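J.: Next up is a structure, given as structure tokens.
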Protein chains: 2
Amino acid sequence: MPKDRVYLFDTTLRDGAQTQGVDFSVEDKRVIARALDRLGVAYIEGGWPGANPTDSEFFTAKPALKRAKFVAFGMTKRPGRSAENDPGLAQILNASADAACLVGKSSEYQVGIALGISLNENLELISDSIAAAHKKFGEAMFDAEHFFDGYKANPKFTFDCLKAALDAGARWAVLCDTNGGTMPWEVERIVGEVVQKLGDGSRLGVHTHNDTENAVANTLAAVKAGVRQVQGTLNGLGERCGNANLIALIPSLMLKPWFAENIDVGLSEQDLTHLTATSRTLDELLNRAPNRHAAYVGAAAFAHKGGLHVSAVMKDPRTYEHVPPETVGNKRHILMSDQAGRSNLLVRLTEAGITYDTADSRLNALLDDVKQRESEGYSYDGAEASFEVLARRALGQMPEYFRIRSFRVQVERRFNAKAELVTISEATVKLDVDGQTLFSVAEGNGPVNALDHAIRKDLGRYQSYIDDLRLVDFKVRILNGGTEATTRVMIESADGQGNRWFTVGVSPNIIDAAFMALMDSIQWKLLRDGAQPSK
Amino acid sequence: MPKDRVYLFDTTLRDGAQTQGVDFSVEDKRVIARALDRLGVAYIEGGWPGANPTDSEFFTAKPALKRAKFVAFGMTKRPGRSAENDPGLAQILNASADAACLVGKSSEYQVGIALGISLNENLELISDSIAAAHKKFGEAMFDAEHFFDGYKANPKFTFDCLKAALDAGARWAVLCDTNGGTMPWEVERIVGEVVQKLGDGSRLGVHTHNDTENAVANTLAAVKAGVRQVQGTLNGLGERCGNANLIALIPSLMLKPWFAENIDVGLSEQDLTHLTATSRTLDELLNRAPNRHAAYVGAAAFAHKGGLHVSAVMKDPRTYEHVPPETVGNKRHILMSDQAGRSNLLVRLTEAGITYDTADSRLNALLDDVKQRESEGYSYDGAEASFEVLARRALGQMPEYFRIRSFRVQVERRFNAKAELVTISEATVKLDVDGQTLFSVAEGNGPVNALDHAIRKDLGRYQSYIDDLRLVDFKVRILNGGTEATTRVMIESADGQGNRWFTVGVSPNIIDAAFMALMDSIQWKLLRDGAQPSK
């Protein structure tokens, strides 16, 4: 039986842009649109032309798309105006786009509270606006705001709103759970009723929000009940608790029972392997640390910790993995933990690309060292680069690039020449490369920053390797409480090639702990890029 | 019709402890157990006695619980041993607990791959182990690992495993979606079949994982289909993509259609208002920034950004809110009018015991200052002592005790006389008391510790007031990511009279931020103890 086509509609650039703290530039929007087009979604909603300067400019500077249609969002016309004479609607109709998506009320309660017009007038607004958009673009969509809440209270009126849009030529009528409070079993029931009334769901879409953590489930329930367009955002971006997360939806729609047999979302198996990279691209643009626990694409999504799990996964990954990680472009991770046995260690070494002889007695010393360090507060679960540096050093596989002889960090708060109270952070580092001693001194806006600047100011012939190294996150945890407690510093680093790695340092002294993590980060980068050892 | 009781089973301290990067101390576990007990869950799974030193110690040091039962987790006995002669099982049976929850295989595939025994032998393992636990505790539970995957492949054998546990006396048989790959519609179908075979679901539980972002929906589907125990964790903590999130489940189970009418989870409306605080307690312990977008409890969960939304919400919050935020202890966030901000401020001043004249123009300056500081990252909600110092200073009610003229902190890592690599932290402070300048220098095991020692080494005639001041906790959070980001330091102080107070400092420089928080702490203590101002 041929599969039904389900159309993916991305609204990262419109509804996702409503997220608190998110502020896309035009260039950001271009990068995201290209990534979405490569992934293979059917529609990209670019924004609301006329609502703000960024969106207006983006519609004049959108990138060339190979697969996706480009959609302009807007509102149905205002009451008391014709569609031709509504300046807001005109901006959408005049936008350079392949289709328009217009949002309007479909709930009796909202029409009364927010618009204060009659129900019939609301049907006219929808009908006239959709007809105008259909005439202009050939493809119009109607976002039925508050559809589910409206339907629960007055199913007839809410259904009439959908019908008005469809009868006026809308390709799609989209059922919105605007407030995000609807339960999956309600979605299933209501969509089922609407599909039955219309004969099928081939012109219905669904748009959900995550206010009860059910946005993905609500979307899946709607698809199973018949809708054939799915709206969502990358990584579930969106106001309040976010929109339905396309990154979690796409693999379930492609790989899971019933969906895999009955529908086709238009992505190939090869396209699906871009999923993890697409998710990370958005985080990169937002300068956010990716969510390690994200479904399918998180760094921990295929991580295995307990010893029993690990030995089973080694026998057959299906024992503890619901899909193969490589199908979505992700990777398996075997973690070290305080219960780490020798077999865990060997797996980890192999995963890190480290070769070893199982008879090598240094393996046992390494295992003891890892256990000892973890009891002191090191956490190699989250700091694979530090683990690799430690392991290679224990096994005689870590080149010595440079050696820090000493450092000094000074923070001083005093009055400057203008009698202003200022705080100055300065670091001095003395290090050896190829038998030569190099001195560096640098300032920073804090002691760790100054130390980072000083270490990286002059690494001699290694300098070119670390020019593109950036510290993207820095986390401090006090392990025992009190200023005399042990401090753990975790550093996340990135380079110009899109690599990200994590390192850890532990010490009663926060500067010392940060220093250790910084050193591991630099040495891991030199190792990965194949720098030659110091002479 | 009386409602069915649904029992909440929290496994934050056991399955949640498997999370990458999470490493609970015994004291952490005690704090979390108390918070769970106050919230009102029915069961708290404390850990796996014998699996690691932390869990073993926690079972000897668990806090007194008022409402929840305390559960020990473990595995069914190993093949080839009797339940009496299995040392692993013995550790669980000897643990101080109200019930035991034993995990065992319930999938033909897993029995073959992981255990390599016959299906009948597996049924015996379950039966013998559960019988032993039932005999010891009076309440035994069976976690049917890989239940859903097993049932899809061989429903008869998987059901037989459940039956073996129930027939051996298990109060609960828990249906686990161990790999997290099952879709909600599959959960609904499979649970429906099992409930039908058993007659009802009064002895069934459900345990889901979030690998497809459906853990909450899968749990809700299982409850609707008849299970009466729900396992999950605070904030969805757990390995890979996490467990079902109790923080999102509880309000849906209490407030949403069908659930509100048909089941009772054992929490009162008053208990539910602790939800947000409980979620934040866990983040606080893990030193994680709370997820602003978390369902129900996120800071953005009831935030309204768009102008249209805000004006509708002002007319009636139900227009864009699916539940009232205060039911879960959360708050609505709208860009506050100055009037609203001002009334908030007056409430806080009164709460701090500060008197004021409402006509005092300094109140507006204070309001602007607080808003500005909060936008920079200060959080006065958690640092009332810093708020009091700031407010009293703005209103001319803060005596000047001493004035810091300058300080210098130095951290040096070098080889000492014995050729050992050492790190030395030293701080120098210059301060004025009664017109006299006092110099102090002190060492510490880190820069903040050295600074603290130096400031408190000689405060002249104020010395006696601070002799009993102790820093009991010190938390650092990086607000924007990267070493160049802003740092917030929160300090918790205590004195010999049992007082505890919190202060905050924010700066790009961690030493500066710590200094501000230290200064507020000392000054608040002098104020509270009625020290006389400097002359």
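J.: Quick one: which helices (runs of 4 or more DSSP H) sit completely within the range A:431-529 and have at least 1 residues that are of a type in the set (D, E, K, R) and outside the structural domain of A:LEU390 (by TED's automatic domain parsing)?
T.: Per the criteria, A:447-457, A:510-528.
J.: To continue, here is another question. Please verify whether B:GLU213 is facing another protein chain (nearest Cβ under 9 Å) and within 30 Å of A:LYS331 (Cα to Cα), treating the condition exactly as stated.
T.: Spelling it out, B:GLU213 is indeed facing another protein chain (nearest Cβ under 9 Å) and within 30 Å of A:LYS331 (Cα to Cα).
J.: Next question, about the same structure. I'd like to verify a number: residues in the range B:352-389 that are at pLDDT 80 or above, under 27 Å from B:HIS304 (Cβ atoms) and acidic (Asp, Glu), how many?
T.: 2
J.: Please determine, by comparing only the residues of the range B:299-347 that are surrounded by 17 or more Cβ atoms within 10 Å (Cβ to Cβ) and more than 14 Å from chain A (Cβ to nearest Cβ), which one is modelled with the lowest pLDDT.
T.: So, considering only residues that are surrounded by 17 or more Cβ atoms within 10 Å (Cβ to Cβ) and more than 14 Å from chain A (Cβ to nearest Cβ), the one modelled with the lowest pLDDT is B:LEU345.
J.: Quickly run through the range A:107-121 and pick out the residues that are in a helix (DSSP H, G or I), out of contact with any strand residue (DSSP E or B) (no Cβ under 6 Å at 6 or more places or on another chain) and within 18 Å of A:VAL174 (Cα to Cα).
T.: A:GLU108, A:GLN110
J.: Would it be correct to say that B:LYS256 is surrounded by fewer than 23 Cβ atoms within 10 Å (Cβ to Cβ), touching a residue at least 12 places away in the same chain (Cβ under 8 Å), in the same structural domain as B:GLY169 (by TED's automatic domain parsing) and not small (Gly, Ala, Ser)?
T.: no
J.: Which pairs turn up if I take residues in the range B:381-393 that are hydrophobic (A, V, I, L, M, F, W, C) and look for partners that are surrounded by fewer than 24 Cβ atoms within 10 Å (Cβ to Cβ) and outside any helix (DSSP H, G or I) with beta carbon separation below 7 Å, at least 6 apart in sequence or on another chain?
T.: B:ALA383/B:MET490; B:ALA383/B:PHE502; B:ALA385/B:TRP501; B:ALA385/B:PHE502; B:PHE387/B:ALA352; B:VAL389/B:MET398; B:ALA391/B:ALA352; B:ALA391/B:ILE354
J.: On to the next question. Just a yes or no: is a residue in the range A:179-193 among the small types (Gly, Ala, Ser) and either away from chain B (no Cβ under 13 Å) or in contact with a Cys (Cβ under 6 Å, 6 or more places away or on another chain) (or both)?
T.: Residues of the range A:179-193 that are among the small types (Gly, Ala, Ser), as a first pass: A:180-181, A:192.
Now narrow it down to the ones that are either away from chain B (no Cβ under 13 Å) or in contact with a Cys (Cβ under 6 Å, 6 or more places away or on another chain) (or both): none.
No.
J.: Could you check how many residues of the range A:151-177 are farther than 16 Å from A:GLU124 by Cα and under 32 Å from the mean Cα position of the chain (by Cα)?
T.: Result for the range A:151-177: 6.
J.: Just one of (1) within 26 Å of B:GLU374 (Cα to Cα); (2) within 14 Å of chain A (Cβ to nearest Cβ) trips up B:TRP524, so point out which.
T.: (2)
J.: B:ASN179 is checked against (1) of a type outside the set (Ser, Thr, Tyr); (2) over 20 Å from A:THR319 (Cα atoms); (3) not in a helix (DSSP H, G or I) and fails just one. What number does that condition carry?
T.: (2)
J.: Within the range B:355-362, does at least one residue satisfy the condition of being outside the structural domain of B:THR281 (by TED's automatic domain parsing) and not in a loop (DSSP other than H, G, I, E, B)?
T.: So far as the range B:355-362 goes, yes, one or more of its residues are outside the structural domain of B:THR281 (by TED's automatic domain parsing) and not in a loop (DSSP other than H, G, I, E, B).
J.: Looking at the range B:470-478, can you tell me whether even one residue there is within 12 Å of another protein chain (Cβ to nearest Cβ), more than 24 Å from B:GLY382 (Cα to Cα) and without any contact (Cβ under 8 Å) to a residue 12 or more places away in the chain?
T.: no
J.: Also: Looking only at residues in the range B:182-201 that are surrounded by fewer than 22 Cβ atoms within 10 Å (Cβ to Cβ) and small (Gly, Ala, Ser), which one is farthest from B:GLY150 (Cα to Cα)?
T.: B:GLY199
J.: Scanning the range A:216-235 for residues that are closer than 13 Å to A:PHE9 by Cα and buried (at least 24 other Cβ atoms within 10 Å of the Cβ), which turns out farthest from the other protein chains (Cβ to nearest Cβ)?
T.: Per the criteria, the residue is A:GLN229.
J.: On to the next question. Report every pair of residues separated by at least 6 positions or lying on different chains whose Cβ atoms are under 6 Å apart, first residue within the range A:61-74 and buried (at least 21 other Cβ atoms within 10 Å of the Cβ) and modelled with pLDDT of 95 or more, second among the aromatic types (Phe, Trp, Tyr) and not in a strand (DSSP E or B).
T.: Within 6 Å, the pairs are A:PHE73/A:TRP48; A:GLY74/A:TRP48.
The values are calculated or read from the model by the stated rules, or taken from the named source; none is laboratory data. Quantities reported herein were computed from a predicted structural model and do not represent experimental measurements. Cβ atoms come from the backbone with ideal geometry, glycine included; neighbour counts cover every protein chain shown.
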